[in-house]
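To keep things clear, I will list the structure first and then write my remarks on it.
The values are calculated or read from the model by the stated rules, or taken from the named source; none is laboratory data. Bear in mind that the values here come from a model prediction, so they are computed numbers and not experimental data. So basically every Cβ, Gly included, is an ideal-geometry build from the backbone, and we count neighbours across all protein chains shown.
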Amino acid sequence: MRTGKGTEKLYTVKKTSVFVAEKLTDLLYPPRCPVCAALLPPLPDLRSECAWNDLVCGNCAMDLPWLREPLCKKCGRPLEESRTEEEFCAECTSRKRLYREGKGIFAYRGQLRESVLSMKFQNKREWLDFFSAAMAQSADRYLKRTGVRTIIPVPSSRAKKRRRGYDQSVLLARKLSVRTKIPVCEGNLIRIRDTQAQSGLGMRQRRENLKDAFVLKDSGIVSEPVLLTDDIFTTGSTLEECCGALRRAGITQICFLVLCMA
């Protein structure tokens with residue numbers, strides 16, 4: 001797969017634009033805790049250079065629902081109590097995955113869940129600084145071990161982007177790229193049709209709903225291994241379909257990193 005100056009230039013432009021945006025954001029909106037919305041002390045650095053614990057208040061930092069071992073070695077989900085001595089969850093044992101392995105950062109519950117929903121539906125895009133910091137720091141060893149070379153965000157539907165005015169998955173991927181220095185390739189993996197909302201659908205219905213909904217436009221600008229990124233992992237159906245699109249384009253080394261696991 002092709003690499004080189006084109007990809008590096010994309011990363012440099014993104015990094016510069018993020019720095020400018022951060023300065024403007026801090027002038028307009030003093031930093032607040034993304035979990036409880038309390039005002040934070042002045043940040044010691046630019047948001048993209050702060051540690052995750054500088055971007056959240058002390059009380060909330062102690063109660064964050066980090067995902068802890070034992071976790072499935074394939075999908076990264078917490079193992080059920082009956083399988084804590086196993087390496088894989090029941091679902092990963094019973095069916096083949098299209099990705100190599102995956103990792104999540106938080107359990108999707110409590111105030112953290114409400115914070116993610118605010119980011120998605122109430123335009124709290126400033127929370128992405130904390131989310132990307134938590135992802136980059138918690139997944140540092142995972143990213144080095146897997147050797148991922150390209151970040152590809154799971155794209156939102158056109159209808160959702162029109163309603164919200166932004167694609168939170170793309171914004172999260174950009175900030176993660178700045179922190180990890182792994183180039184992000186956006187706008188290449190696309191949804192070719194809008195799909196029904198996944199909530200309320202069963203596993204089989206989710207798969208049918210997303211079947212052939214994604215396509216990779218140009219595999220030549222993607223360096224493997226690839227890291228698919230998203231905000232919430234529920235059943236994994238969306239990620240599986242994205243993996244299918246990558247594989248149809250000849251990309252076989254695929255990992256993923258998500259902010260939350262439901």
Q: Quick one: Gly76 ticks every box in (1) over 22 Å from Glu241 (Cα atoms); (2) surrounded by 12 or more Cβ atoms within 10 Å (Cβ to Cβ) except a single one, so which number is it?
A: (1)
Q: Give just the number: which of (1) under 22 Å from Ser48 (Cα atoms); (2) modelled with pLDDT under 95 does Ile192 not satisfy?
A: (1)
**Q.** Residue count for segment 138-166, restricted to those that are without any contact (Cβ under 8 Å) to a residue 60 or more places away in the chain and out of contact with any Pro (no Cβ under 9 Å at 6 or more places or on another chain)
**A.** 15
(Q) I need the strands (runs of 3 or more DSSP E) fully contained in segment 208-262, keeping only those with at least 3 residues that are within 29 Å of Phe130 (Cα to Cα) and not hydrophobic (A, V, I, L, M, F, W, C). (A) 226-233
(Q) Please verify whether Arg83 is charged (D, E, K, R), without any contact (Cβ under 8 Å) to a residue 24 or more places away in the chain and in contact with a helix residue (DSSP H, G or I) (Cβ under 9 Å, 6 or more places away or on another chain), treating the condition exactly as stated. (A) yes
Q) In segment 195-216, is there at least one residue being in contact with a Lys or Arg (Cβ under 7 Å, 6 or more places away or on another chain) and at pLDDT 90 or above? A) yes
Q: From Leu67, Leu55, Leu117, grab the single residue that is modelled with pLDDT of 95 or more and either touching a strand residue (DSSP E or B) at 6+ places or on another chain (Cβ under 8 Å) or hydroxyl-bearing (Ser, Thr, Tyr) (or both).
A: Leu67
Q) Hey, Glu86 hits all of (1) in a loop (DSSP other than H, G, I, E, B); (2) within 21 Å of the chain's Cα centre (by Cα) but one; which does it fall short on? A) (2)
Q) Applying the selection to segment 37-52, what residues are free of Cβ contacts under 8 Å to residues at least 24 places away in the same chain and either within 18 Å of the chain's Cα centre (by Cα) or part of a helix (DSSP H, G or I) (or both)? A) Glu49
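Name the helices (runs of 4 or more DSSP H) wholly inside segment 114-198 in which the number of residues that are surrounded by 15 or more Cβ atoms within 10 Å (Cβ to Cβ), in contact with a His (Cβ under 7 Å, 6 or more places away or on another chain) and among the hydroxyl-bearing types (Ser, Thr, Tyr) is 3 or more.
Helices (runs of 4 or more DSSP H) meeting the threshold: none at all.
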Q) Of Thr180, Thr229, which residue is touching a strand residue (DSSP E or B) at 6+ places or on another chain (Cβ under 7 Å), at pLDDT 90 or above and of a type in the set (Ser, Thr, Tyr)? A) Thr229
(Q) The conditions are (1) assigned to a loop (DSSP other than H, G, I, E, B); (2) more than 23 Å from Gln137 (Cα to Cα), and Leu64 fails exactly one of them. Which is it? (A) (2)
(Q) So Met62 ticks every box in (1) within 30 Å of Ala262 (Cα to Cα); (2) at pLDDT below 95; (3) of a type outside the set (Lys, Arg) but one. Which box is left unticked? (A) (2)
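Results for (1) charged (D, E, K, R); (2) closer than 19 Å to Asp63 by Cβ, shown as yes or no for each residue.
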site: Gln111; (1), (2): no, yes
site: Val116; (1), (2): no, yes
site: Ser132; (1), (2): no, no
site: Met135; (1), (2): no, yes
site: Arg141; (1), (2): yes, no
site: Lys144; (1), (2): yes, no
site: Lys161; (1), (2): yes, no
site: Gln168; (1), (2): no, no
site: Ala173; (1), (2): no, no
Q) Restricting attention to segment 89-113, and to residues there that are assigned to a helix (DSSP H, G or I) and not small (Gly, Ala, Ser), which single residue is surrounded by the most Cβ atoms within 10 Å (Cβ to Cβ)? A) Leu112
